[in-house]
1. Scan segment 1-41 for residues that are open to solvent by less than 20 Å² (accessible area, probe 1.4 Å), in a strand (DSSP E or B) and within 16 Å of the ligand (Cβ to nearest atom) and jot them down.
2. I'd like the full set of residues that are within 15 Å of the ligand (Cβ to nearest atom) and open to solvent by 30 Å² or more (accessible area, probe 1.4 Å), limited to segment 61-75.
3. Tell me yes or no: at least one residue of segment 45-54 is touching a helix residue (DSSP H, G or I) at 6+ places or on another chain (Cβ under 9 Å) and surrounded by fewer than 18 Cβ atoms within 10 Å (Cβ to Cβ).
4. Residue under question is K173, and the condition is that it be touching a residue at least 24 places away in the same chain (Cβ under 8 Å) and open to solvent by 60 Å² or more (accessible area, probe 1.4 Å); does it hold?
5. Can you confirm whether S44 is in a loop (DSSP other than H, G, I, E, B) and more than 12 Å from D11 (Cβ to Cβ)?
6. Considering (1) free of Cβ contacts under 8 Å to residues at least 12 places away in the same chain; (2) under 17 Å from Y100 (Cβ atoms), say which one S25 fails and leave the rest.
7. Being part of a loop (DSSP other than H, G, I, E, B) and within 15 Å of N135 (Cα to Cα) is the filter; apply it to segment 193-211 and report the residue that is modelled with the lowest pLDDT.
8. For segment 181-192, give me each residue that is among the aromatic types (F, W, Y) and not in a helix (DSSP H, G or I).
Amino acid sequence: MNKPLILVVEDDGTVRNLITTTLKSNEYRFLTAFNGESAIAAASTRQPDIVLLDLGLPDMDGVEVIRRIRSWSQMPIIVISARSEDADKIAALDAGADDYLTKPFSVAELLARLRVTQRRLAAQEGKSGEAIFRNGNLSIDYGAGCAYLGGDQLKLTPTEFKLLCLLAKDAGKVLTHTYLTEKIWGSSWESDMASLRVHMATLRRKLEKDPDTQYIQTHIGIGYRMLKI
Ligand code: CA
C-alpha cells in the first residue's frame, strides 16, 4: 500500500516544519502550501489523501478553502488552528471539515487524528464499494437511484433521494443544516434552510410510515442524523 499523501497548508514556518518533520518520520508523504489559493490548486492537481489545514491564512479564510474543496471533493480535511472559539469550529465543520485540532498540539495528538481519519476513510471505501445501503427495513440502491422500505419502492423526488443518500452516507453522524443545503443547492441562504425543512418533512413522511421506526433524528438548531437501526 502506498504511503498516504498529506497536504499541509500552513503559513507559519515553525508549525509547518514541526508537522512535516513528524510526517516524514512516521512514513507519510507530504506536500506543502502556504496560502489558500495554492492549497486549492494542490488539492485538485495532487489529490492528497488528507488535508491538514490552518484556518488563518494570508490570502483567505481557511473556511473558504474548505468550501471550495468541498464543491468537488470529499477528501478528509483536518483543521489546525490557534483559534479556540466555538464559532470557528462550527464554521469549519459546517463547511465540511472532518476533524479539528487546536494549537498548540502535541505530535502524538496529530498522529492520533491522522490515524482516526485514515481508519474512517478505509471504512468508507469499503462501504462505497457496496452498491446497496441497508439500515433496518430501508435499503438504497445507489446505482439504480432507488430506495426501498421493506419490499416497497419509495416514491422520492430527486431532492429527497439526494437528502436520503447524504444522511445514509454519514449514518450516525449529525449533519448540520448548512452542510446539507450546501451539498444539495450549493448555498445556504435562509430560503435554502426553509426548503430543507420542507424536503426533510416530506422525506420523513414517506420513510417513517411506521411511527415506531425512526430513521431520522432532528437536532434543533443544528441539523439531522440518520439513526442506525
Ligand atoms: Ca496561520
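The values are calculated or read from the model by the stated rules, or taken from the named source; none is laboratory data. Predicted model only: the values in this text are computed from it and were never measured. With ideal geometry, Cβ positions are generated from the backbone for all residues, glycine too; neighbour counts draw on all protein chains shown. What goes into the accessible areas is simple: the full protein's heavy atoms, side chains included, and nothing from ligands, DNA or RNA. Shrake-Rupley method; radii C 1.70, N 1.55, O 1.52, S 1.80 Å.
1. Scanning segment 1-41 gives L7, V8, V9, A33.
2. Correct list: D61, E64.
3. no
4. Considered against the rule, which asks whether it is touching a residue at least 24 places away in the same chain (Cβ under 8 Å) and open to solvent by 60 Å² or more (accessible area, probe 1.4 Å), K173 comes out as yes.
5. Spelling it out, it is not the case that S44 is in a loop (DSSP other than H, G, I, E, B) and more than 12 Å from D11 (Cβ to Cβ).
6. S25 satisfies all of (1) free of Cβ contacts under 8 Å to residues at least 12 places away in the same chain; (2) under 17 Å from Y100 (Cβ atoms) except (2).
7. Residue satisfying both the conditions and the ranking: D210.
8. W189
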